[in-house]
Amino acid sequence: IAVEFLTKMSRLNAVSTYLDSFVAGIQRGTRPNGLLHANFNQCVTATGRLSSSDPNLQNQPKRGFPVRKAIVSRFGNSHLIVEADYSGLEFRTCVELSKDAQGMSDILEGKDIHRQTASIINQCKPKDVSKDMRQSAKAFSFLPLFGGTSYGHPPHIAQYLDGFYGIYEGIYGWHQTLMDGTLKNGTVETPSGRQYFWPNVARTKNKRVTNATQILNYPVQGFSADLVQLSCIRAFRLFKQHKLKSKLILTVHDSIVVDTHPDETEQVKLILTEAMTNVGEEAEKLFNYKCIVPLDIEISGGINWLEQEEFS
């Protein structure tokens, strides 16, 4: 009875949050002209990623809930909401910051990291990995990037997590450097100059340090956030330069969402590709930092923000 009660209470809380934060939030935030304006916050998340409120658009559920259907084009119901999403940005950022040779090789070869993870976890060849196996593996692909350990996981998952640093030795070395650095001055700094500070860091019995998860996570999340925000600025500049009617309406984690004018779909796709894949030029100008890892994106479009199909 207790398990049933707690399960139903958890479900009730999830549905209540969905209805109040997302459904009612959209209703409250929509103006009489039909346009929705959220508040974007630059100094709320610890990592430096953008967040939004009234309503919270950053945490809109992707699957199983129809609320994203409410986001449609101002140019008419048959016109497109286009979304461009970085491919594996956290992994690429971690390779960028750690200068990991194997990671760079995997990226240049176009290796599917999630498929690699699934093949190791399921002890099968990469060609035998199913779509569901790959999807399930995503949760573990990059867990070590953010300080995750094998503790508490089933043996087949733990084996992968324990072997991750054997594959990506450069990431392991960088993680040690980050933790050793915080023991000296408590500070981690990204190429953009963003600094994170943990006072009173101490060595732990497992040869890590206190706050290790944050210490390893924040630089990757923070520099990824810098690149996404620079991409938005770069795309906005190009939209103005080409006098497009299309509007940049949202950035969520590693993506940019555009309300696309019916005559400008191809231009929008080209500009987003230019802005996002070549954002390293902005980093070099602003931070005097030359990125070495190539970036890639996926672009999709649909009549609303939920029903999206990837462009070929």
### Query
So, in the range 41-57, of the ones that are surrounded by fewer than 19 Cβ atoms within 10 Å (Cβ to Cβ) and among the polar types (S, T, N, Q), which residue ends up farthest from the chain's Cα centre (by Cα)?
53
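Hey, does the range 236-254 have a residue that's farther than 17 Å from residue 92 by Cβ, outside any strand (DSSP E or B), among the β-branched types (Val, Ile, Thr) and open to solvent by 10 Å² or more (accessible area, probe 1.4 Å)?
The answer is no, given that none of the residues of the range 236-254 is farther than 17 Å from residue 92 by Cβ, outside any strand (DSSP E or B), among the β-branched types (Val, Ile, Thr) and open to solvent by 10 Å² or more (accessible area, probe 1.4 Å).
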### Query
Among the residues of the range 263-312, which ones are part of a loop (DSSP other than H, G, I, E, B), free of Cβ contacts under 8 Å to residues at least 60 places away in the same chain and open to solvent by 50 Å² or more (accessible area, probe 1.4 Å)?
263, 278, 288, 290, 311, 312
### Task
Return only the number of the condition from (1) closer than 13 Å to residue 304 by Cα; (2) hydrophobic (A, V, I, L, M, F, W, C); (3) surrounded by fewer than 14 Cβ atoms within 10 Å (Cβ to Cβ) that residue 67 does not satisfy.
(3)
### Message
Return the residues of the range 127-155 that are under 21 Å from residue 171 (Cβ atoms) and in a helix (DSSP H, G or I); say none if nothing qualifies.
### Response
137, 138, 139, 140, 141, 143, 144, 145, 146
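Among the residues of the range 191-203, which ones are out of contact with any Asp or Glu (no Cβ under 6 Å at 6 or more places or on another chain) and either open to solvent by 50 Å² or more (accessible area, probe 1.4 Å) or within 30 Å of residue 296 (Cα to Cα) (or both)?
Listed by number, the residues that qualify are 191, 193, 194, 196, 197, 199, 200, 203.
Among the candidates 129, 188, which residue alone is at pLDDT 95 or above, hydrophobic (A, V, I, L, M, F, W, C) and surrounded by 16 or more Cβ atoms within 10 Å (Cβ to Cβ)?
Values: 129 fails: at pLDDT 95 or above.
Step by step, each of 129, 188 is checked, and only 188 is at pLDDT 95 or above, hydrophobic (A, V, I, L, M, F, W, C) and surrounded by 16 or more Cβ atoms within 10 Å (Cβ to Cβ).
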### Query
Here are some conditions: (1) of a type outside the set (Asp, Glu); (2) on the phi > 0 side of the Ramachandran plot; (3) surrounded by 14 or more Cβ atoms within 10 Å (Cβ to Cβ). Residue 123 meets all but one. Which one does it not meet?
(3)
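The values are calculated or read from the model by the stated rules, or taken from the named source; none is laboratory data. Since we're looking at a predicted model, the values are computed, not measured. Cβ atoms come from the backbone with ideal geometry, glycine included; neighbour counts cover every protein chain shown. For accessibility, only protein heavy atoms count, side chains too; no ligands or nucleic acids. Shrake-Rupley method; radii C 1.70, N 1.55, O 1.52, S 1.80 Å.
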